[in-house]
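Working notes, beginning with the structure itself.
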Amino acid sequence: MQKYWTLITVIMLITLSIGTFYVQSTLSKNEEPPFIMKKQSGDESMLKPLILAGVSYDANGHVGLRMSNGTSSYLRDGGFVERLNQTYQPKKIQRLQQDYRHFMRGKTSNSILYYETDEQIAYAEVESNQLLYNFINVDVNEFTFNISVLDKQSNKETSFELPVPDEEKYTFIDVEGVQIIQGNLKVITRNYVYPEDADVEEIHVYTFNLDKQELMDDESVYVSDPDESGRYNKIDILREESEMTYNQFVVWTNTVIETEEVGDQFNEKIIEEEVYIYDLETGKSSKIEFPNEINIYEGQYMISDSVVYFSNIDGGKLEITPYFAEKDKFGDHLVIDLEDSMLMSDVNLNINQDKLYLTPVFVEQTIPSPVIIASLKTGDVLYKGTIINSNPMSKDNVDFDTVEFE
């Protein structure tokens, strides 16, 4: 009899918790987010595919927020799961969770871990025993590949686990991309080596035979120089705008930064920056040699459809130089006139269907933050507007950490 009373008590507590959650959510709906997008010029329909997501906060706390079609909404006004974790779920992941619920069970919402075609979905992550560090002393690092592939037609799922080679030498391993090339699964990772004398980062491409469920090859395509006193290396792997689809190239930058201690602060200066590219089809890597007139130390990089775009904002103009990876050649220089509207450095640059989207990383209270959409073919500005806080009494700020397109 006791077990039935226990079960009834648990059910009552769950019901009460969910009921309280929905009551609080209903009451909070009266408070609309104050951020809107105000058009200045151009075609407002260009905003339709754009989604910005991040965190709105003030002195009293924070809440997840998204912007689409020029208006904003709180994540607490969405579905139960989204309200519960207050984390924006990318549209691509939402679609997979809805269409392939069984396959997606227990998997993370990081789209970079997935690869999808009309025939299959592949998923790869690296699991670590390091989560145990807070509880027990782990003498040897252990890293494991967790791989799953779904055949859409038969609905058959294949899953297997394999240890990472030389796992004991690594401190962290991050998956940076998943591809299927010539029938084999390619997993791109960034491996961190923290020996006693210096820090080193490695970029690896692991190749798996899906039929035999075995590791075919572990290629270390790049190893950074060991950090020195007053100098360190920073590696950034560029993410294709079309995540989860076929991408032939892996592109990364290695920036050498010099630090100098001045009083109680550290000043940093870029002394060298190099850009490398690796072809997943051929297994060849090379350094991209930029023309002398391009100052790569002060710009940003994007990659879309095997084209690497270098961009730099200078004097109210956005200068863009494309590099066509398949042809190993640079394209014509493109200049977009921003009319002094976006001279800040903290901007997100994203590409969607031959259009460049410039959006703010941060929106501060009542200070307008520009949004610009321009053609990558002509350089014409197609839309220009600002994100503003429409409530003059509001002290809310927003950090946008996600840019997505429908």
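Would you mind ranking His102, His333 by Cβ crowding within 10 Å, fewest neighbours first?
Details: His102 8, His333 13.
Fewest-to-most ranking of His102, His333: His102, His333.
Other residues within the sphere of radius under 10 Å centred on the Cβ of Val223, judged by their own Cβ, net out at -3 (K and R +1, D and E -1).
Taking 17 Å as the straight-line reach from the Cα of Lys287, the lysines in range (excluding those fewer than 8 positions away in the same chain) are Lys234, Lys327, Lys329. Run the simple label-point estimate for Lys38 and Lys212 please: 7 Å along Cα→C-beta, distance reported in nm. Going by the 7 Å Cα→Cβ label model, 6.4 nm. Amide hydrogen proximity for Asp217: with H placed 1.01 Å from N in the peptide plane, the residues at 5 or more positions away or on another chain lying under 5 Å are Thr207.
Multiply the residue separation of Arg95 and Ser390 by 0.36 nm, subtract the distance between their alpha-carbon atoms, and state the gained length in nm to one decimal. Provide the component values of the computation, followed by the final result.
Numbers: separation 295, 0.36 × 295 = 106.20 nm, distance 3.25 nm.
Going from the current span to full extension adds 103.0 nm.
Working note: Debye formula, equal point scatterers on the alpha-carbon atoms of segment 89-288, no solvent; log10 I(q)/I(0) at q = 0.11 Å⁻¹ is -0.59. Fewest-first ordering of Ser224, Ser73, Ser45 by other beta carbons within 10 Å of each residue's beta carbon gives Ser45, Ser73, Ser224. What are the residues whose amide H is under 5 Å from the amide H of Ile180, where those residues sit 5 or more places off or on another chain and H is modelled from the backbone? So Ile180 has HN proximity to Lys186. Relative to one another, the C-alpha centroids of segment 46-77 and segment 251-267 are positioned 33 Å apart. With contacts taken as Cα pairs under 8 Å and at least 6 residues apart, segment 89-288 reaches a relative contact order of 13 percent.
Rounded to 0.05, the FRET efficiency of the Glu260 and Lys377 pair, given R0 = 41 Å and the Cβ-Cβ distance, is 0.40. Taking amide hydrogens as placed 1.01 Å from N in the peptide plane, the amide H of Asp199 sits under 5 Å from those of Asp227, each at least 5 positions away in sequence or on another chain.
Rule-based calculations on the coordinates, nothing more; no lab input. This one's a predicted model, so the numbers in the text were calculated from it and none came from an experiment. Glycine gets a Cβ as well: all are built from the backbone with ideal geometry, and neighbour counts include every protein chain shown.
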